[in-house]
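Some notes on the structure that comes next.
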């Protein structure tokens, strides 16, 4: 039995290497879309055309793989939203040889000479409108690339952004990448103009957040900023003094740390943390939709390009997040024990977690869990009083005492 060679075509035949071409010439059966098969028809190979349902293609490949050398021609890169990932659902990995190539997304960013390591990539291929992701979450992103489809095209993307009231993106449409005669790149500052245009397939859309001037915000920033500088629901903010101490306990010793800010409220801790890790990433995780608008406002106000808003109830959806070096939990809840288990397991080795609570019961739950996972722990009780003016002087008004619990993940705990 021969292994199946899955070859990425890149943007076209010019991107194929001598090794790719040798495999194609020496195979017995070519599998691919009609457009790709037509490029090699003069070789006289047996063909299996990919169109419609994939089950028939899989059955035809299974019938021939015992005695024939099979090559599957994939658009772009086989494992980047490609046929390679589909084949892995039907064949063992040992039965597949994957030959990578340029993806359409990498080619798109190359064409406009922009880095894309920090881009959010979304595929709209094969999705129905009801299955499409919510565009509201994109307001906190700075760079987004879309693999479009004939139905979910640039006009659809523009409509969804306008529906959510998101107008602060510059819009780039790249048509027929790789086709020197038909390739076209168009830029739009006004999203409304997109709906008046017709674009040729295939195309890719890239959005860039418009900033008046990079890293400029409307005020000076520092750790422990006044609570009034953040938009927040009454009381739902980590007070500035507690915020400062909590950030110190997180010990950001590297500028590229990844922080999970769980139950972020108005996002104040994550925003100030982002100043300390300019090359890193903060996930602002908040389940309450009513608080999302506060977080979005504050992210825009402080121009936080390295904070990503995650509207979910922890731990839902964390599989898509990068492994955290630091975790902050700004309160508690009835599922605190479950939250702690997940955090202790997901936290990187030698990472740190900080939990703030005003409840003795939560403190007990947290310490029990940290002890179970062999964390090195520390507890500080903080009582802050702020001066308040009186007719003939000032008095002190106490803020609720807070327990700041911090833990460091040890090698022993990592092996549990």
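The values are calculated or read from the model by the stated rules, or taken from the named source; none is laboratory data. Predicted, not measured: the structure shown is a model, and the values here were computed from it. In this analysis, Cβ positions are derived from the backbone assuming ideal geometry, glycine residues included, and neighbour counts consider all displayed protein chains.
What to note about this one:
- Of all residues in region 101-115, those being crowded, with 17+ Cβ neighbours inside 10 Å and in a loop (DSSP other than H, G, I, E, B) number 3.
- Taking every residue in region 362-373 that is under 20 Å from residue 410 (Cβ atoms) and pairing it with any residue that is outside any helix (DSSP H, G or I) and at pLDDT below 95, at least 6 positions away or on another chain, the pairs with Cβ-Cβ distances below 6 Å are 373/416.
- Each residue in region 394-413 was checked for being in a loop (DSSP other than H, G, I, E, B) and under 18 Å from residue 352 (Cβ atoms), and 2 of them qualify.
- Residue in region 175-187 that is at pLDDT 85 or above, exposed (fewer than 14 other Cβ atoms within 10 Å of the Cβ), more than 20 Å from residue 75 (Cβ to Cβ) and assigned by TED's automatic domain parsing to the domain that holds residue 153 present: yes
- Residue match in region 311-325 (condition: assigned to a helix (DSSP H, G or I), closer than 14 Å to residue 263 by Cβ and touching a residue at least 60 places away in the same chain (Cβ under 8 Å)): no
- Residue-level analysis places residue 347 among those that are within 19 Å of the chain's Cα centre (by Cα) and buried (at least 18 other Cβ atoms within 10 Å of the Cβ).
- Filter result for residue 74 (over 23 Å from the mean Cα position of the chain (by Cα), free of Cβ contacts under 8 Å to residues at least 60 places away in the same chain, closer than 13 Å to residue 30 by Cβ and surrounded by 15 or more Cβ atoms within 10 Å (Cβ to Cβ)): no
- Checking each residue in region 229-262 for being in a loop (DSSP other than H, G, I, E, B) and within 20 Å of residue 305 (Cβ to Cβ) picks out 230, 231, 252, 254, 255, 256, 257.
- Of all the residues in region 1-39, those that are within 23 Å of residue 62 (Cβ to Cβ) and over 38 Å from the mean Cα position of the chain (by Cα) number 5.
- Subset of region 77-100 (residues that are in a loop (DSSP other than H, G, I, E, B), surrounded by fewer than 20 Cβ atoms within 10 Å (Cβ to Cβ) and touching a strand residue (DSSP E or B) at 6+ places or on another chain (Cβ under 9 Å)): 79, 88, 91, 100
- Residues located in region 276-292, provided they are touching a residue at least 24 places away in the same chain (Cβ under 8 Å), more than 12 Å from residue 259 (Cβ to Cβ) and not in a loop (DSSP other than H, G, I, E, B): 290, 291, 292
- Counted residues, region 203-213 - those being in contact with a strand residue (DSSP E or B) (Cβ under 8 Å, 6 or more places away or on another chain) and at pLDDT below 90: 2
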